[in-house]
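Trainee: Here it is, the structure, as structure tokens.
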Amino acid sequence: MQKSVLILGASGRFGRNAAEAFWNAGWSIRSFDRRHDDLNEAAQGADVIVAAWNPAYPDWAAQLPQLHARIQEAARRSGAMVVIPGNVYVYGEQTPAPWREGSAHAAANPLGRLRVGMEQSYRDSGVQTVILRAGDFIDTEASGNWLDRMMLPSLPRGTLTYPGQPDIPHAWAYLPDLTRAAAEIAEQKESLPAFTDVNFPGYTMTGADMADMLSGLAGRRVALRRMSWLPLRFAAPVWPMGRSLLEMRYLWDTPHWLESEAFDRLCPRFTATAPEDALARAAAPWLKPAKRCTVIRQSMTRSTQTSL
């Protein structure tokens, strides 16, 4: 019998990629429409709910508890397992790397504490839950993340604009890989415990590593330029999102990477996309036209070979 997944936030970056990953894995896909659908009704018959709703940072305090209480109620009524795209905010800057499933959730900042509380609500709810935790996203298209909003647009000028220290490790996750792992773990629903916390190792890259990879893709040197945080500081008093971004700045200056025995156990044969290929897909709009054509042709060739 075909399994069914209800995706909340199917138009967002994680939800869009999750819909494709679950579809490719043979699942029946339902996308929730906030304007017309009732969540409890939509969840009936679903084996899994992908909870990819993500309010803007300034709305977390007001919306996060209510949203996830609704999801928990729908999962409780339907018997569905909830899969949540987790982040690294729960660890806080004082938690030593590498960040593993057993690392302390020691976040002291408001956004980090909200995530800690949200995750704890699932532990307490009795709803079967998987939190698949990852670093910053590398997407297949522009979706308003750090890469396409702040870092890559300067590529045509031969620079990568980097928000933090260029020589420290930073955790990244290619969304097609991350959501493919989510589908693989969801297939194991019947054998999973009530609460599963699993880190997605993804890529560990410094800013210098990323600039070197982009240099190879662009066919010319890409220099790394430090992003100035001064505009955000000036705007923060009147711009709530600016205050939230400043609150999370520590992640760009704190060495961190993810490790996971749980992931290796749940996905022992998982093969990740090469980081160069992930960056090529993300940076394609800003690469030179000739290089873009080469990247697209290579991607199409790999896709065709995979499908044969």
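The values are calculated or read from the model by the stated rules, or taken from the named source; none is laboratory data. Just so we're clear, the structure is a prediction, and the values are computed from it rather than from any experiment. Here Cβ is always computed from backbone atoms with ideal geometry, including for glycine, and neighbour counts include all displayed protein chains.
Trainee: If a residue must be part of a helix (DSSP H, G or I) and not hydrophobic (A, V, I, L, M, F, W, C), how many such residues does the stretch 1-39 contain?
Mentor: Adding up the residues that qualify gives 6.
Trainee: Hey, can you tell me all the residues within the stretch 199-208 that are more than 18 Å from the chain's Cα centre (by Cα) and either buried (at least 19 other Cβ atoms within 10 Å of the Cβ) or without any contact (Cβ under 8 Å) to a residue 40 or more places away in the chain (or both)?
Mentor: GLY207
Trainee: Looking only at residues in the stretch 181-208 that are assigned to a strand (DSSP E or B) and of a type in the set (Phe, Trp, Tyr), which one is farthest from ASP277 (Cα to Cα)?
Mentor: Within the stretch 181-208, the match that is farthest from ASP277 (Cα to Cα) is PHE195.
Trainee: Would you check which residues across the stretch 230-254 are assigned to a loop (DSSP other than H, G, I, E, B) and within 19 Å of THR206 (Cβ to Cβ) and list them?
Mentor: MET248, ARG249, THR254
Trainee: Applying the selection to the stretch 153-171, what residues are outside any loop (DSSP other than H, G, I, E, B) and either buried (at least 23 other Cβ atoms within 10 Å of the Cβ) or of a type in the set (Gly, Ala, Ser) (or both)?
Mentor: LEU160, HIS170, ALA171
Trainee: How many residues does the stretch 40-58 hold that are within 28 Å of LEU114 (Cβ to Cβ), in a helix (DSSP H, G or I) and out of contact with any strand residue (DSSP E or B) (no Cβ under 8 Å at 6 or more places or on another chain)?
Mentor: 3
Trainee: Then there's this: Just wondering, is there one or more residues in the stretch 135-152 that are surrounded by fewer than 20 Cβ atoms within 10 Å (Cβ to Cβ), within 23 Å of ALA46 (Cα to Cα), out of contact with any Gly (no Cβ under 6 Å at 6 or more places or on another chain) and among the basic types (Lys, Arg)?
Mentor: The answer is no, given that none of the residues of the stretch 135-152 is surrounded by fewer than 20 Cβ atoms within 10 Å (Cβ to Cβ), within 23 Å of ALA46 (Cα to Cα), out of contact with any Gly (no Cβ under 6 Å at 6 or more places or on another chain) and among the basic types (Lys, Arg).
Trainee: Please work out if GLU93 is touching a Phe, Trp or Tyr at 6+ places or on another chain (Cβ under 9 Å) and surrounded by fewer than 23 Cβ atoms within 10 Å (Cβ to Cβ).
Mentor: So GLU93 fits the description; yes.
Trainee: State which residue is nearest to the chain's Cα centre (by Cα) when the search covers only the stretch 235-261 and only residues that are among the small types (Gly, Ala, Ser) and surrounded by 16 or more Cβ atoms within 10 Å (Cβ to Cβ).
Mentor: Filtering the stretch 235-261 for residues that are among the small types (Gly, Ala, Ser) and surrounded by 16 or more Cβ atoms within 10 Å (Cβ to Cβ), the one nearest to the chain's Cα centre (by Cα) comes out as SER260.
Trainee: Looking only at residues in the stretch 14-64 that are of a type in the set (Lys, Arg) and modelled with pLDDT of 95 or more, which one is farthest from THR179 (Cα to Cα)?
Mentor: Only one residue tops the list, namely ARG30.
Trainee: For the stretch 129-143, state whether one or more residues are of a type in the set (Ser, Thr, Tyr) and within 25 Å of ASP253 (Cβ to Cβ).
Mentor: Scanning the stretch 129-143, I find at least one residue that is of a type in the set (Ser, Thr, Tyr) and within 25 Å of ASP253 (Cβ to Cβ), so the answer is yes.
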